[in-house]
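Scroll down for the structure; my scribbles are underneath it.
Since every read-out is calculated from the coordinates, none of them should be taken as a lab result. What you see is a predicted model, and the numbers here were worked out from it, not measured in a lab. Here the Cβ is made from the backbone with ideal geometry for all residues, glycine too, and neighbour counts use every protein chain on show.
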Number of protein chains: 2
Amino acid sequence: MKKNNYAIGVFDSGLGGLTVLHELKQIMPYEKFIYFGDTAHIPYGNKSKSTIEKYCLDIINFLETKKIKLIIVACNTASSVALKKIKKHTKIPIIDVVSPCVLNAISKTKNNRIGIIGTETTISSKSYQKQIRTINKNIKIFSRSCPLFVPVIEEGETQQQFVIDIAKFYLNKFNKHNIDVLILGCTHYPMIKEIIKKTLNSNIKIIDSATSTAKHVNDYLDNKNNKSDNNEIVYDEYYVSDKMVRFYDIANMFLKQKIKKIIQINF
Amino acid sequence: MKKNNYAIGVFDSGLGGLTVLHELKQIMPYEKFIYFGDTAHIPYGNKSKSTIEKYCLDIINFLETKKIKLIIVACNTASSVALKKIKKHTKIPIIDVVSPCVLNAISKTKNNRIGIIGTETTISSKSYQKQIRTINKNIKIFSRSCPLFVPVIEEGETQQQFVIDIAKFYLNKFNKHNIDVLILGCTHYPMIKEIIKKTLNSNIKIIDSATSTAKHVNDYLDNKNNKSDNNEIVYDEYYVSDKMVRFYDIANMFLKQKIKKIIQINF
């Protein structure tokens, strides 16, 4: 097999990364994707750096057994705290979800006031802040962890009034801070993008990991002349470390299509 | 050391089991306790039986390296799906949190209509239902998983209006079912007992794992003549598999006292 027809590996702590995969598949329908969801260890969002690093290296070791040309860390928490360790561990090129969001947000802000929301570990790592400040020191950054968004989304209860109340509880301060861009720094959050939008002043643009990363990956493969030359859709592969309760329902909700087969891997 | 002065091991998927430990320490202040919270794998509530069994056996192996006279499975999910495997694996006597609640609930109901709430894995295991029906086939059982309670409690956001709305969303149906006892089948739930109480009709008695199990353990040790003969308070030991963000805050909130030292163990 020619190397440009190798698969693109995509992994996340669980199923949130499927929002990234959805966008990747929209832009690059002829690429083959191998998805790994670390559902035995979900969520990463409140765990420590060293524990998350350990889980990520196990996943990289697994992906390295496959024919892979690129790995996407489709988890903001892992991208925020484990990226250095991951890049050191493998020769396969790595793309994370933080950098594409940062570049996208900086290009969109007009008043240099950016908000960021994410899990506790992502926010307390200050990964977004550091990357933004490296590029532009004049940008004011406002951040908040929103730890209840992930469970609310995974339960599929996004139509209840209390979700709007939780969104208001977390997001009201961003309106006061007069930001003009909000980064959704968690791959789950695109699932409640409309609720988040309604809670915020109408001038605030929303940047999410899924669309930002998919565009970035597409540009990257174009630049490297490394796109697949298939002209028909190939079957993707899905692996998880545990088959959670209501697993397929949640997965299909994130990917917006039915997954036929998901294989469980025990490390 | 005399065997009756050995410690009591208590474990949970994370920190919820500290509500059980709190009650144990209230009733038996002179016992020594060794607590293990499997924070690297939290939560168990939506993971599969086989994965939870594996995690539990690792914890039992760790506790067996200590001088332990009794192990308490202070987690409803583990008690519901892994108890058989645990009991087969060790010679140390095991007490779970489901049986004490079941006995307590059956003794309290007058109209033979009992409600149960818990995590998804606990509720779908039907562990409570099976045990209740073994004792009394005439009892009608109504159950519901309440997966958002655990994250809401762990975030310490129990004073927000949306918590009351979430409680109403989950619990309203129990009022219609005319139950007179509700079992809180998760060791986290005692933290929002007052909110749950306010949501329910005033005649509904609430049974929780913490007080039911503590009383059961006290009776068990009395019957076996196996209480500690210390007459001063000994230091407990606390172990976890990961030091999560805001770890000490959450632990102190559950235990209602300050823990000085928590040791991290990597399996």
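Listing for the model above:
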| quantity | calculated |
| --- | --- |
| Net dipole in debye of segment A:98-208 [+1 Lys, Arg Cβ; -1 Asp, Glu Cβ; about Cα centre; nearest 20] | 800 |
| Rounded to the nearest 20 debye, dipole of chain A from Cβ charges on Lys, Arg, Asp, Glu | 980 |
| For segment A:1-78, size of Cβ-based charge dipole, Lys and Arg +1, Asp and Glu -1, in debye | 300 |
| Over chain B, relative contact order from alpha-carbon pairs under 8 Å, at least 6 apart, % | 28 |
| Inter-label distance for B:Lys137 and A:Asn138, nm, one decimal - labels placed 7 Å from Cα along Cα-to-Cβ | 8.1 |
| Taking B:Ser80, B:Ser125, B:Ser209 and counting other C-beta atoms within 10 Å, the order from fewest to most | B:Ser125, B:Ser80, B:Ser209 |
| Averaged over B:138-151, number of beta-carbon atoms from partner chains that fall within 10 Å | 2 |
| Cα-projected label distance for A:Lys87 with A:Arg246, points at 7 Å along beta-carbon direction, nm | 3.8 |
| 5 angstrom amide H check on A:Ile68, placed H, neighbours 5+ away | A:Ala7 |
| Sorted by Cβ neighbour density within 10 Å, fewest at the top, the residues B:Asp249, A:Asp236 | B:Asp249, A:Asp236 |
| Order of A:Tyr44, B:Tyr6 - criterion: other Cβ atoms within 10 Å of each residue's Cβ, fewest first | B:Tyr6, A:Tyr44 |
| Among A:219-226, A:194-201, the order from most to least packed when residues are scored by Cβ within 10 Å on average | A:194-201, A:219-226 |
| B:Ser50 versus B:Asn226: modelled label distance in nm, points set 7 Å from Cα along the beta carbon direction | 3.3 |
| Label point 7 Å beyond Cα along the C-beta direction, distances from B:Ile265 to other copies (nm, shortest first) | 2.9 |
| Table column - 3J(HN,Hα) (Hz), segment B:247-259, Karplus curve with 6.51, -1.76, 1.60, x for Gly and Pro | 4, 5, 4, 5, 4, 5, 4, 5, 7, 6, 7, 7, 8 |
| Selection from A:Ser124, A:Ile135, A:Ala7 lying farthest towards where the dipole of chain A points positive, charges on Cβ | A:Ile135 |
| Furthest towards positive pole of dipole, B:Met253, B:Pro190, B:Asn201, structure part segment B:128-267, Cβ charges | B:Asn201 |
| Label geometry 7 Å along the beta-carbon vector: B:Leu57 inter-copy distances in nm | 2.5 |
| Charge sum, other residues only, whose C-beta stays under 11 Å from B:Glu155's C-beta, Lys/Arg counted +1 and Asp/Glu -1 | -3 |
| Charge dipole (segment A:67-176, unit charges on Cβ, about Cα centre) - positive-most of A:Val150, A:Ile71, A:His89 | A:His89 |
| For B:His177, net neighbour charge (Lys/Arg +1, Asp/Glu -1) across residues whose Cβ lies under 13 Å away | +4 |
| Position A:Pro29, label points 7 Å along Cα→Cβ, spacing to each other copy in nm (shortest first, one decimal) | 7.3 |
| Residue pairs, from the table B:Lys3/B:Lys91; A:Lys88/B:Lys47; A:Lys49/B:Lys261; B:Lys47/B:Lys197; A:Lys32/A:Lys258; B:Lys66/B:Lys261, whose Cα atoms sit over 25 Å apart | A:Lys88/B:Lys47; B:Lys47/B:Lys197 |
| Amide H contacts under 5 Å for B:Asp96, placed H, 5+ residues apart | B:Val73 |
